[in-house]
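Accompanying notes for the structure given below.
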Amino acid sequence: MVRKLLLTVTLTVVTTLGLMAQITTAGISGRVVGVSTGKEEALPGATIVATHVPSGTTYGTATVADGRYTIPGMRVGGPYTIKISFIGYKEEVFENLTLNLGVIATLDVKLAEEGTQLEEVVVTSDRNDIFSAGPYWCVCVLWKKPYQQCSNDRQNCKRHC
């Protein structure tokens, strides 16, 4: 009886240690908010790009509706350069970050509003004869002439073919 108990405990400990050894990555998570006129608001769709400097490997994601993000499965170590951006806000860059094995590092960011002067866009167009109300061309597949000019309405064109 004691032998069976000792064997069960040994197998449990060895199996547990083997399962813990399977973690080989790290990650980052956090929340991105924008600060404008003294108020903070979540920035859904903000872009987060993390670059592992020695290897050049890049990881990226976008924030969800409440401004939260997670990038799992990243290489352990560093240094990392992390860029966080959103349209209308100043980009934030964090350098020399190091990630530890099995740890999800937290990086919460407040982006400052940035005024951008946009230039005027003028759209012009010319008339295109493809979409004009001119005569239609019928293509008759069966025994009739392949191309014949019809009048301006489609029904008359169908009658000719």
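The values are calculated or read from the model by the stated rules, or taken from the named source; none is laboratory data. For clarity, every value in this text was computed on a predicted model and none was experimentally measured. So basically every Cβ, Gly included, is an ideal-geometry build from the backbone, and we count neighbours across all protein chains shown.
At-a-glance table
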quantity: Selection from the range 17-34 of residues that are surrounded by 10 or more Cβ atoms within 10 Å (Cβ to Cβ) and either in a helix (DSSP H, G or I) or modelled with pLDDT of 90 or more (or both); calculated: Thr25, Ala26, Gly27, Ile28, Ser29, Gly30, Arg31, Val32, Val33, Gly34
quantity: Qualifying residue in the range 76-83 (condition: within 23 Å of Val33 (Cα to Cα), at pLDDT below 95 and of a type in the set (D, E, K, R)); calculated: no
quantity: Residues satisfying the stated conditions in the range 35-48, i.e. in a loop (DSSP other than H, G, I, E, B) and surrounded by 16 or more Cβ atoms within 10 Å (Cβ to Cβ); calculated: Leu43, Ala46
quantity: Single unsatisfied condition, Val53 versus (1) in contact with a Phe, Trp or Tyr (Cβ under 9 Å, 6 or more places away or on another chain); (2) farther than 30 Å from Gln22 by Cα; (3) loosely packed, with under 15 Cβ neighbours inside 10 Å; calculated: (2)
quantity: Long-range neighbours under 6 Å by Cβ, at least six apart or interchain, first residue under 25 Å from Arg75 (Cα atoms) within the range 92-119, second among the aromatic types (Phe, Trp, Tyr); calculated: Leu97/Tyr80
quantity: Residues satisfying the stated conditions in the range 58-76, i.e. without any contact (Cβ under 8 Å) to a residue 40 or more places away in the chain and surrounded by fewer than 17 Cβ atoms within 10 Å (Cβ to Cβ); calculated: Thr58, Gly60, Thr61, Ala62, Val64, Ala65, Asp66, Arg68
quantity: Given (1) within 22 Å of Val33 (Cα to Cα); (2) at pLDDT below 55, number of the condition Val109 does not satisfy; calculated: (2)
quantity: Unique match (being at pLDDT 95 or above and hydroxyl-bearing (Ser, Thr, Tyr)) among Thr37, Thr57, Thr51; calculated: Thr51
quantity: Qualifying positions in the range 78-87 - surrounded by 12 or more Cβ atoms within 10 Å (Cβ to Cβ) and either free of Cβ contacts under 8 Å to residues at least 40 places away in the same chain or of a type in the set (Ser, Thr, Tyr) (or both); calculated: Gly78, Pro79, Tyr80, Thr81, Lys83, Ser85
